[in-house]
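Trainee: Here's a structure for you.
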Amino acid sequence: MLGPHTLISRYTSWRRGSFAMAHRPREATTSFVLRFGDPDREIIRFAAETDCDLIVAAWGGSIYAGRAKVVQMLLEQAPCPLLFVPAAELPPSA
């Protein structure tokens, strides 16, 4: 399992070159938050705590049995609109 510092480092490197960062409006604000726990619950909790306007989440596109638990929970419980984008693969470990 990767530690928090490795996760932040890998995410920061990936984010700098991401399409979203290169094409977002200048007035749009973004932030990076690292939480531990069930991803669906933590995303929903954070969105509610911060009065989030929109949740943007990457998704691999599969909703077969046993897959997409986070997507299903977000669809059921998100406190704001959702935007799902195709999931990109993280770069290999350095």
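The values are calculated or read from the model by the stated rules, or taken from the named source; none is laboratory data. None of the values given here were measured: they were computed from a predicted structure. Quick reminder, even Gly has a Cβ in these numbers, built from the backbone with ideal geometry, and neighbours come from all protein chains shown.
Trainee: Can you confirm whether region 17-28 contains a residue that is modelled with pLDDT under 90, in contact with a strand residue (DSSP E or B) (Cβ under 9 Å, 6 or more places away or on another chain) and assigned to a loop (DSSP other than H, G, I, E, B)?
Mentor: No, region 17-28 contains no residue that is modelled with pLDDT under 90, in contact with a strand residue (DSSP E or B) (Cβ under 9 Å, 6 or more places away or on another chain) and assigned to a loop (DSSP other than H, G, I, E, B).
Trainee: Please count how many residues of region 64-80 are in contact with a helix residue (DSSP H, G or I) (Cβ under 7 Å, 6 or more places away or on another chain) and among the hydrophobic types (A, V, I, L, M, F, W, C).
Mentor: Count: 5.
Trainee: Within region 47-64, can one find any residue that is of a type in the set (A, V, I, L, M, F, W, C), surrounded by 13 or more Cβ atoms within 10 Å (Cβ to Cβ) and over 23 Å from R24 (Cα atoms)?
Mentor: Yes: region 47-64 contains one or more residues that are of a type in the set (A, V, I, L, M, F, W, C), surrounded by 13 or more Cβ atoms within 10 Å (Cβ to Cβ) and over 23 Å from R24 (Cα atoms).
Trainee: I'd like the full set of residues that are within 12 Å of P39 (Cβ to Cβ) and among the basic types (K, R), limited to region 52-76.
Mentor: K69
Trainee: Condition first: part of a loop (DSSP other than H, G, I, E, B) and modelled with pLDDT of 85 or more. Now tell me which residues in region 69-94 satisfy that.
Mentor: Passing the criteria: A78, P79, C80, P81.
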